[in-house]
C-alpha cells in the first residue's frame with residue numbers, strides 16, 4: 001500500500017496483511033476499542049477497530065480490514081475478517097506481496113549470517 005494518500009477519507013477500502021507481533025492494544029473493554037498494526041512485511045498500517053474481533057484473530061494471523069483512511073498510515077476499521085487458512089483468506093495480490101517480502105527478508109537474513117560467518121572465519125584463521 002504505497003499510495004495511501006490517494007484514498008479520500010470518505011472512500012471505503014480493504015487492506016490485508018499479517019497482524020504484527022506485540023502490536024495489539026485493547027484500549028477499552030467497554031466499547032471494544034482495539035488498535036493493532038498489520039503488515040505486508042514491507043509496509044505497516046495502524047488499524048483502529050471498535051467491535052468484537054473474530055475468534056481467529058491473533059498476532060501473526062492473516063486479516064483483511066475494511067474501513068476508511070485517517071491520515072497516511074491509519075485505517076478506521078469497520079470490519080475485520082480473519083481466516084484460518086491464510087492462503088485462501090487473502091486476496092491473491094496481497095498474498096503475493098506478503099510472500100515476496102517474506103522471501104526478501106529471509107534472503108537478507110541469510111546474507112547477513114553468511115557475512116558474519118565469513119568475517120568470523122577470517123578472524124579465527126589468523
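Is it the case that the stretch 99-108 has a residue that's buried (at least 16 other Cβ atoms within 10 Å of the Cβ) and part of a helix (DSSP H, G or I)? Outline the logic, then answer.
Initially, the stretch 99-108 is screened for residues buried (at least 16 other Cβ atoms within 10 Å of the Cβ), giving 101.
Now restrict to residues that are part of a helix (DSSP H, G or I): 101.
Yes.
Would you check if residue 63 is at pLDDT 90 or above, surrounded by 17 or more Cβ atoms within 10 Å (Cβ to Cβ), in contact with a strand residue (DSSP E or B) (Cβ under 9 Å, 6 or more places away or on another chain) and at negative phi? Walk me through how you get there before you give the answer.
On the way: at pLDDT 90 or above: yes; surrounded by 17 or more Cβ atoms within 10 Å (Cβ to Cβ): yes; in contact with a strand residue (DSSP E or B) (Cβ under 9 Å, 6 or more places away or on another chain): yes; at negative phi: yes.
Here the answer is yes, as residue 63 does meet what is asked.
What number of residues within the stretch 37-60 satisfy the criterion of being surrounded by fewer than 19 Cβ atoms within 10 Å (Cβ to Cβ) and within 10 Å of residue 15 (Cα to Cα)?
Qualifying residue count, the stretch 37-60: 1.
The values are calculated or read from the model by the stated rules, or taken from the named source; none is laboratory data. The shown structure was predicted, so the numbers you read here are calculated from the model rather than taken from an experiment. Every residue, glycine as well, gets a Cβ built from its backbone with ideal geometry; the counts of neighbours run over all protein chains shown.
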